[in-house]
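Colleague: Have a look at this one.
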Amino acid sequence: MKKFLSRINRRDALTLLVLVGIFAFFFIMLETGAASNQFKNMIIPMSYYILLAISLNLMVGVLGELSLGHAGFMSVGAYTGCFLSVMLVEKFPELPMYVYLPVAMLCGGLMAALFGVLIGIPALRVKGDYLAIVTLAFCEIIKTVIINLEFLGGAIGFDTDSIVPDRNKALTLLPYAAFAVIVSAILIMNLVRSKHGRAIMAVRDNRIAAEACGINVNFYKVAVFGIAAFFAGIAGVLYGHNDVLLKSANFDFNMSIEILVMVVLGGMGSNMLGSVIAAVVMTALPEMLRDFSDYRMLIYSVMLIVIMLFTSAPALAGIRERLSLGFIKESLQKKMAKKAEKKKAGKEEEK
Amino acid sequence: MSERKTVMSVNGTEMFSPPSNILIPTRDEGKKPVLDVRGLGIDFGGLRAVDEFTITVSPTEISGLIGPNGAGKTTVFNLLTNVYKPTRGAILLDGHPTAGKSVAQVNRMGIARTFQNIRLFDQMTVLDNVRVGMSNNIRCNFAESFLRLPGYFKAEKRSRERALELLSIFHMESEAYTLAGNLPYGAQRRLEIIRALATEPKVLLLDEPAAGMNPSETHALMESIRQIRDQFGIAIVLIEHDMNLVMGVCEGIAVLNFGKVIAKGTPDQIKNNEAVIEAYLGRQEKKEA
């Protein structure tokens with residue numbers, strides 16, 4: 001057991017624990033019927049946003065390339081997966097969900113990965129802001145192309161109602177979502193903590209030095225584009241199965257930005273926990289603020305600004321440190337040590 | 001096949017430029033030079049940054065490349081590592097031409113370097129910096145990494161042990177888990193050398209390794225450079241302005257000025273070479289009687 005523990009990174013273990021906790025909470029809420037309708041509708045979106053945030057963090061935080069095309073990869077996955085599911089359900093009405101949904105996820109992911117690699121190759125020539133523009137353009141192109149494809153429903157949207165006929169969609173989809181998200185998170189974290197992950201981070205920190213160390217920078221850039229797109233595609237399949245109507249207009253610039261905000265708020269880099277928490281909070285926040293009706297978006301944006309300031313303003317560094325886990329642990333240890341000392345002193349006095 | 005042909009044709013004409021016997025240390029006599037550079041040159045627009053640069057480096061030689069500021073020393077390093085494509089000339093590493101190879105491929109062929117302005121992976125730990133250097137020497141494919149198959153753990157363990165071993169050259173094991181960006185300047189320079197060594201090179205290019213170091217650190221570095229040569233049996237080429245280091249550790253020195261080699265020889269020969277003195281200090285006008 002000890003050997004096993006020493007083999008996994010502590011931060012990754014914590015991330016995994018939080019993920020399992022989140023999904024366990026979802027299950028309990030749904031099974032006991034304690035979940036309100038509003039909460040029920042949030043569960044699957046939270047799941048796919050977690051996956052989107054983690055995969056974008058791989059691209060932005062680990063590889064260090066700004067991408068605004070994540071919604072594009074997601075839509076490729078969503079349409080591929082849903083198209084496949086609809087076909088399978090039509091041809092083989094008896095086919096159980098645990099066969100066609102995983103197949104759809106895999107195919108959606110692979111198709112998105114293919115697009116990721118295709119975009120990654122020309123994108124090698126640009127970096128920084130220019131890459132952001134290229135990926136943004138890709139996202140828009142995908143959107144427009146899909147609108148003009150008749151067999152994908154065109155502008156009306158692609159009807160996906162037949163795939164998950166269940167009334168209680170959240171409960172039906174949750175096991176698949178939980179499995180997909182947790183397995184994907186494990187895979188991504190494993191990658192980051194491997195030789196390849198280190199190579200990817202080396203490219204981020206100093207491209208020239210990475211090349212001089214014999215790392216094939218272009219290969220890793222394209223690979224990360226493909227891998228990140230793969231998981232975005234899976235998230236897209238979840239999205240498509242959760243909705244009754246797929247509209248390509250939804251996969252726009254705003255959605256890419258939303259995912260990017262999650263990654264930035266959660267903290268870019270090799271630690272995925274921030275992305276997970278940010279994804280949950282950011283998905284829940286707009287819904288929770290519904291009570292404020294008209295002022296909803298206003299409060300939402302103000303909160304974003306406050307969070308942003310709090311996480312990055314240099315003037316607040318002191319407060320942040322006081323609230324960090326490490327600090328709390330340290331101060332607790334100090335208190336314990338003091339107590340122990342007092343006890344010792346007391347005992348000695350008694351003697 | 002074509003690659004071999006080019007080697008052959010080079011072989012046919014004249015394998016190595018006639019070695020200036022003085023430059024080859026006695027222990028390397030009769031051995032094939034590890035680095036054979038002939039007539040290397042590059043133009044930036046109309047400027048001939050480097051011209052007719054020809055040197056041979058024997059397998060375990062420590063050689064120095066010196067010259068006044070702007071002489072083209074770092075440009076030579078950039079040419080040797082294929083950062084720049086040479087306009088003229090050829091580089092043979094162990095008899096294989098490096099022309100047309102990428103920077104990463106040249107590294108895999110056996111040339112590693114450090115940088116004048118330090119280029120570490122700042123957000124990664126010291127240990128991971130060294131392990132990045134090992135990427136090509138430790139096998140672990142994508143499937144093994146994704147699924148943490150036994151091969152992954154083997155590779156991780158081996159790379160960690162090897163990295164700590166390398167760090168011990170400069171007694172840096174205790175700093176293995178600090179971020180490279182937080183290291184003091186001298187330690188960063190040493191880490192760059194270790195990272196370059198981790199790629200298992202045949203030739204190690206050091207670009208001003210002693211820059212910013214104090215005399216005692218420089219002295220320790222001198223010892224380490226010798227130790228690295230003895231332990232790894234590799235050739236080392238260094239650019240340096242600290243003459244104590246250059247004269248103390250190098251067996252052969254080439255002096256560069258305005259992109260051209262103006263002198264080659266042992267440290268003693270270089271010290272007394274008039275062209276070198278002129279390049280550094282200028283010519284003394286003879287007073288008219």
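The values are calculated or read from the model by the stated rules, or taken from the named source; none is laboratory data. Everything numeric here is computed off the predicted structure, so don't read it as measured data. Methodologically, a virtual Cβ is constructed for each residue, glycine included, from the backbone with ideal geometry; neighbour enumeration extends over all protein chains shown. SASA here: full protein model, heavy atoms, side chains in, ligands and nucleic acids out. Shrake-Rupley method; radii C 1.70, N 1.55, O 1.52, S 1.80 Å.
Colleague: Of the conditions (1) open to solvent by 70 Å² or more (accessible area, probe 1.4 Å); (2) at pLDDT 90 or above, B:Phe53 fails just one. Which one is it?
Modeller: (1)
Colleague: Looking at the stretch B:56-102, which of its residues are surrounded by fewer than 18 Cβ atoms within 10 Å (Cβ to Cβ) and small (Gly, Ala, Ser)?
Modeller: Selection gives B:Gly70, B:Ala90, B:Gly95, B:Ala99, B:Gly100, B:Ser102.
Colleague: Same structure, new question: Kindly indicate whether A:Leu30 is over 19 Å from the mean Cα position of the chain (by Cα) and open to solvent by less than 20 Å² (accessible area, probe 1.4 Å).
Modeller: yes
Colleague: In this structure, is A:Arg204 in contact (Cβ under 8 Å) with a residue 24 or more places away in the chain and of a type outside the set (Val, Ile, Thr)?
Modeller: Numbers: in contact (Cβ under 8 Å) with a residue 24 or more places away in the chain: yes; of a type outside the set (Val, Ile, Thr): yes.
Answer is yes for this residue.
Colleague: For the stretch B:111-145, which residues satisfy the criterion of being in a helix (DSSP H, G or I) and more than 7 Å from every other protein chain (Cβ to nearest Cβ)? Show your work before the answer.
Modeller: Filtering the stretch B:111-145 down to residues in a helix (DSSP H, G or I) leaves B:126-133, B:142-145.
Across the stretch B:111-145, the qualifying residues are B:Val126, B:Leu127, B:Asn129, B:Val130, B:Ala143, B:Glu144.
Yes or no, residue by residue, for (1) part of a helix (DSSP H, G or I); (2) under 14 Å from A:His241 (Cα atoms):
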| residue | (1), (2) |
| --- | --- |
| A:Met87 | yes, yes |
| A:Glu94 | no, no |
| A:Tyr98 | yes, yes |
| A:Met105 | yes, yes |
| A:Ile121 | yes, no |
| A:Thr135 | yes, no |
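Colleague: Can we say A:Ala112 is in contact (Cβ under 8 Å) with a residue 40 or more places away in the chain, open to solvent by less than 30 Å² (accessible area, probe 1.4 Å) and closer than 20 Å to A:Leu174 by Cα?
Modeller: no
Colleague: Can you find a residue that is aromatic (Phe, Trp, Tyr), surrounded by 13 or more Cβ atoms within 10 Å (Cβ to Cβ) and in a loop (DSSP other than H, G, I, E, B) anywhere in the stretch B:256-267? Reasoning before the result, please.
Modeller: Filtering the stretch B:256-267 down to residues aromatic (Phe, Trp, Tyr) leaves B:258.
Still in the running and surrounded by 13 or more Cβ atoms within 10 Å (Cβ to Cβ): B:258.
Checking which are in a loop (DSSP other than H, G, I, E, B) leaves us with B:258.
Checked the stretch B:256-267: at least one residue is aromatic (Phe, Trp, Tyr), surrounded by 13 or more Cβ atoms within 10 Å (Cβ to Cβ) and in a loop (DSSP other than H, G, I, E, B).
Colleague: Select, from A:Ser256, A:Ser194, A:Ser184, the only residue that is within 14 Å of chain B (Cβ to nearest Cβ), hydroxyl-bearing (Ser, Thr, Tyr) and in contact (Cβ under 8 Å) with a residue 40 or more places away in the chain.
Modeller: Going through A:Ser256, A:Ser194, A:Ser184 in turn, just one is within 14 Å of chain B (Cβ to nearest Cβ), hydroxyl-bearing (Ser, Thr, Tyr) and in contact (Cβ under 8 Å) with a residue 40 or more places away in the chain: A:Ser184.
Colleague: Across the stretch B:90-131, what is the number of residues that are free of Cβ contacts under 8 Å to residues at least 24 places away in the same chain, of a type in the set (Lys, Arg) and under 20 Å from B:Lys73 (Cα atoms)?
Modeller: Number of matching residues: 0.
Matching residues to (1) in contact (Cβ under 8 Å) with a residue 40 or more places away in the chain; (2) open to solvent by less than 10 Å² (accessible area, probe 1.4 Å); (3) within 14 Å of another protein chain (Cβ to nearest Cβ); (4) touching a Leu at 6+ places or on another chain (Cβ under 9 Å):
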position: B:Pro184; (1), (2), (3), (4): no, no, no, no
position: B:Leu191; (1), (2), (3), (4): yes, yes, yes, yes
position: B:Arg195; (1), (2), (3), (4): yes, yes, yes, yes
position: B:Leu205; (1), (2), (3), (4): yes, yes, yes, yes
position: B:Glu217; (1), (2), (3), (4): no, no, no, no
position: B:Arg226; (1), (2), (3), (4): yes, no, no, no
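Colleague: Within the stretch A:205-223, how many residues are under 24 Å from the mean Cα position of the chain (by Cα) and either surrounded by fewer than 20 Cβ atoms within 10 Å (Cβ to Cβ) or not basic (Lys, Arg) (or both)? Quick ask: steps written out before the conclusion?
Modeller: So in the stretch A:205-223, the residues under 24 Å from the mean Cα position of the chain (by Cα) come out as A:205, A:219-223.
Cutting the leftovers down to either surrounded by fewer than 20 Cβ atoms within 10 Å (Cβ to Cβ) or not basic (Lys, Arg) (or both) gives us A:205, A:219-220, A:222-223.
Final tally of qualifying residues: 5.
Colleague: Checking B:Gly64 against (1) assigned to a loop (DSSP other than H, G, I, E, B); (2) in contact (Cβ under 8 Å) with a residue 60 or more places away in the chain, which single condition isn't satisfied?
Modeller: (1)
Colleague: Tally up the residues in the stretch B:146-181 that are in contact (Cβ under 8 Å) with a residue 40 or more places away in the chain, within 11 Å of chain A (Cβ to nearest Cβ) and within 18 Å of A:Gly197 (Cα to Cα), please.
Modeller: So the answer is 2.
Colleague: If you scan the stretch B:75-92, which residues turn out to be of a type outside the set (Ser, Thr, Tyr) and within 14 Å of chain A (Cβ to nearest Cβ)?
Modeller: Within the stretch B:75-92, B:Phe77, B:Asn78, B:Leu79, B:Leu80, B:Asn82, B:Val83 meet the criteria.
Colleague: Within the stretch A:199-222, is even one residue in a helix (DSSP H, G or I) and either away from every other protein chain (no Cβ under 12 Å) or closer than 27 Å to A:Ser248 by Cα (or both)?
Modeller: yes
Colleague: Considering only residues that are without any contact (Cβ under 8 Å) to a residue 24 or more places away in the chain and not basic (Lys, Arg), look in the stretch A:115-132 and name the one that is surrounded by the fewest Cβ atoms within 10 Å (Cβ to Cβ).
Modeller: Step by step, filter the stretch A:115-132, then rank; the result is A:Pro122.
Colleague: A follow-up question, please. Just the residues that are open to solvent by 10 Å² or more (accessible area, probe 1.4 Å), modelled with pLDDT of 90 or more and part of a loop (DSSP other than H, G, I, E, B), please, taken from the stretch A:150-195.
Modeller: A:Arg193
Colleague: Of the conditions (1) crowded, with 22+ Cβ neighbours inside 10 Å; (2) under 30 Å from B:Leu40 (Cα atoms), B:Asn129 clears all except one; give me its number.
Modeller: All conditions are met except number (2).
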